[in-house]
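> One structure coming up, written as structure tokens, with questions to follow.
The values are calculated or read from the model by the stated rules, or taken from the named source; none is laboratory data. Worth saying up front: this structure is predicted, and the values here are computed from it rather than measured. Cβ atoms come from the backbone with ideal geometry, glycine included; neighbour counts cover every protein chain shown.
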Amino acid sequence: MARFFLFALTRRRALLSSGEQADGREDAVQTITTHYIDGAFVPSHGREVKDVIRPTDGQVIARAAMADEEDTRRAIAAAKRAFATYGTSKPEQRAEILRRLHRAASARIDELTAGMVEEYGGVVQFARPIVESAVNAFAAAEQALPQIQWTRSWDKTIVTLEPVGVSGLITAWNANVLFMCLKFASAVAAGCTVVIKPSEMSSLQARVLVEALHEAKLPNGLLNVVTGLGTTVGAELVRNPDIAKISFTGSVAVGQSIMRDGAATMKRVTLELGGKSPTILLDDADLKAAIPAALVLAFMNSGQACAAGTRLLVPRKQLDAVKRAIVEAMPAFPVGDPADPKTAVGPMVSLKQYDRVQSYIRKGIGEGAEVLVGGEGHPEGFQAGYFVKPTVFVNVSNDMTIAREEIFGPVLSVITYDTDEDAIRIANDSQYGLHGAVLGTDLARARRVASQVRAGRVLINGMTDDPQAPWGGFKFSGFGREYGAYGINAFLETRAILEAA
């Protein structure tokens, strides 16, 4: 736990230097009392305070002041003032800012990782790559800038791409630093100024990141961060006429409300709303390699990942062999201290999330699915905190609740199929379409199957990433894309200028 000790000491110094409060004890509960508006840390006008709970033991580790509508309006006004200048900047100027942001964020990778582990319970083997991806989002956006064709012309017509304007970025708790950096990088590249509402459950991570980005010496008002509740800060961003665009990562219900309420002021919207992702195991797959890969996809981020492959589609004739392979592979996915590099599954983020996962496990049992591994309750030796047993159900039909709804925990449903066409039909029989995977040795066949999965991203033979490839979903997984040139384009409008003959 030395990393946590170093993190606590570093945080305490950082908070004190930013005007935050702590008493003289080394184990003092940190208190965050400011938001980042117009290039400075300013006292919160909002007076509501939320506890930050460490999910490994349920203890309060910090308290954060929640922004109110007044804080949010101040941040929007600062972003609006800044956009008057930044909106006319050149791509070369934006590229330089992205380089500064990348350098500044890179200096805090260790601290950001420690924050994700302690505050969220993210296992370090997942948290570190996520933080590195977050930091590298600035470099990836800079690399994508030359792909944007800012001006096109023909005859006496000129078409230009223009920044959409002040943008509200609303991020989720399960990878908050990644979402903040990814959305902000795309907005900066496009020429937009922003107001970010991080999840109130990620107050410490957000503060560390904002302190890092402050060191990039940005133009005042380019970045504004107000931590608060969706019902106050989020609602103000959605209804305020000075916000031109909302980019949101979170639940379907909130995404629907953003679309509905944002229509009053014609908000441009990008929504990433989760998934129920299928992993198709073809009958030529090598089970010794494919089953561990499928479990990695299912249990990534302790199952609290929108892309998690929580439906494993397997050939009916191979079900018994798949069951044996799963049982044999499970020891490689131990529950434990998220700071331990060997731990694959950490705690759920909150008691509410723990209860949610337990309720779905009970529903699966009640609907007739068979528990192959895991089940209800805490894992042995982990009664404190919000730990759950990684659970695999077999004898699942695709109409069961556990196969239809996003559980957001380490719960995998194994579903059988008879032919490739049957597998594709089952994979697409979902309201979601964010992510998918195909596992098999015949790559031409795997590509053919992958091309028929209705999802924004489909992986072949395991986890991989490309920071220039688009990210986003079909159907109830939302719309719009992030990453690379696709993410930058989401913050741009098209303007045509025509001259009369």
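> Within the stretch 113-121, is there a residue that is among the acidic types (D, E), in a helix (DSSP H, G or I) and either touching a strand residue (DSSP E or B) at 6+ places or on another chain (Cβ under 7 Å) or closer than 30 Å to R81 by Cα (or both)?
Step one: filter the stretch 113-121 for residues among the acidic types (D, E), giving 118-119.
Filter once more, so that each one left must be in a helix (DSSP H, G or I): 118-119.
Next, only the ones that are either touching a strand residue (DSSP E or B) at 6+ places or on another chain (Cβ under 7 Å) or closer than 30 Å to R81 by Cα (or both) stay: 118-119.
Within the stretch 113-121, one or more residues are among the acidic types (D, E), in a helix (DSSP H, G or I) and either touching a strand residue (DSSP E or B) at 6+ places or on another chain (Cβ under 7 Å) or closer than 30 Å to R81 by Cα (or both).
> Residues that are at pLDDT below 95 and either crowded, with 24+ Cβ neighbours inside 10 Å or aliphatic (A, V, I, L, M) (or both): does the stretch 276-288 have at least one? It would help to see each step written out before you state the result.
Residues of the stretch 276-288 at pLDDT below 95: none.
Checking the stretch 276-288: not a single residue is at pLDDT below 95 and either crowded, with 24+ Cβ neighbours inside 10 Å or aliphatic (A, V, I, L, M) (or both).
> Picking from K352, K363, which residue would you name as being at pLDDT 95 or above, under 21 Å from the mean Cα position of the chain (by Cα) and surrounded by fewer than 19 Cβ atoms within 10 Å (Cβ to Cβ)? First the steps, then the outcome.
Details: K363 fails: under 21 Å from the mean Cα position of the chain (by Cα).
Result: K352 is the single residue among K352, K363 that is at pLDDT 95 or above, under 21 Å from the mean Cα position of the chain (by Cα) and surrounded by fewer than 19 Cβ atoms within 10 Å (Cβ to Cβ).
> Which is crowded, with 24+ Cβ neighbours inside 10 Å and farther than 26 Å from E493 by Cβ, of A187, A212, A206, A141?
Details: A187 fails: farther than 26 Å from E493 by Cβ; A212 fails: crowded, with 24+ Cβ neighbours inside 10 Å; A141 fails: farther than 26 Å from E493 by Cβ.
None of the others qualify; the one that does is A206.
> Only one of V314, V296, V254, V269 is modelled with pLDDT of 95 or more, part of a strand (DSSP E or B) and surrounded by fewer than 24 Cβ atoms within 10 Å (Cβ to Cβ); which? Explain how you work it out, then say what you get.
Working: V314 fails: surrounded by fewer than 24 Cβ atoms within 10 Å (Cβ to Cβ); V296 fails: part of a strand (DSSP E or B); V254 fails: part of a strand (DSSP E or B).
None of the other options fit; the residue is V269.
> Is there a residue being within 18 Å of L295 (Cβ to Cβ) and surrounded by fewer than 23 Cβ atoms within 10 Å (Cβ to Cβ) anywhere in the stretch 465-486? So that I can check it myself, show each step before the final result.
Applying the first criterion (within 18 Å of L295 (Cβ to Cβ)) to the stretch 465-486 yields none.
Within the stretch 465-486 (the criterion being within 18 Å of L295 (Cβ to Cβ) and surrounded by fewer than 23 Cβ atoms within 10 Å (Cβ to Cβ)), the answer is no, since none of the residues qualifies.
> Any residue at all in the stretch 54-62 that is at pLDDT below 95, crowded, with 17+ Cβ neighbours inside 10 Å, in contact with a helix residue (DSSP H, G or I) (Cβ under 6 Å, 6 or more places away or on another chain) and not assigned by TED's automatic domain parsing to the domain that holds F382?
no
> Can you tell me which residue among R128, R81, R152 is farther than 15 Å from I488 by Cα, charged (D, E, K, R) and part of a strand (DSSP E or B)?
On the way: R128 fails: part of a strand (DSSP E or B); R81 fails: part of a strand (DSSP E or B).
Exactly one residue qualifies, and that residue is R152.
> In the stretch 23-41, which residues are surrounded by fewer than 19 Cβ atoms within 10 Å (Cβ to Cβ) and either outside any loop (DSSP other than H, G, I, E, B) or modelled with pLDDT of 95 or more (or both)? Break it down stepwise before answering.
Our first condition is that a residue be surrounded by fewer than 19 Cβ atoms within 10 Å (Cβ to Cβ); within the stretch 23-41, this holds for 23-29, 31, 33, 38-40.
Within the stretch 23-41, T31, T33, D38, G39, A40 meet the criteria.
> What are the pairs, 6+ residues apart or on separate chains, where a residue within the stretch 452-476 that is within 19 Å of L439 (Cα to Cα) has its Cβ under 6 Å from a residue that is at pLDDT 95 or above and of a type in the set (S, T, N, Q)?
Close Cβ pairs satisfying both conditions: R454/N428.
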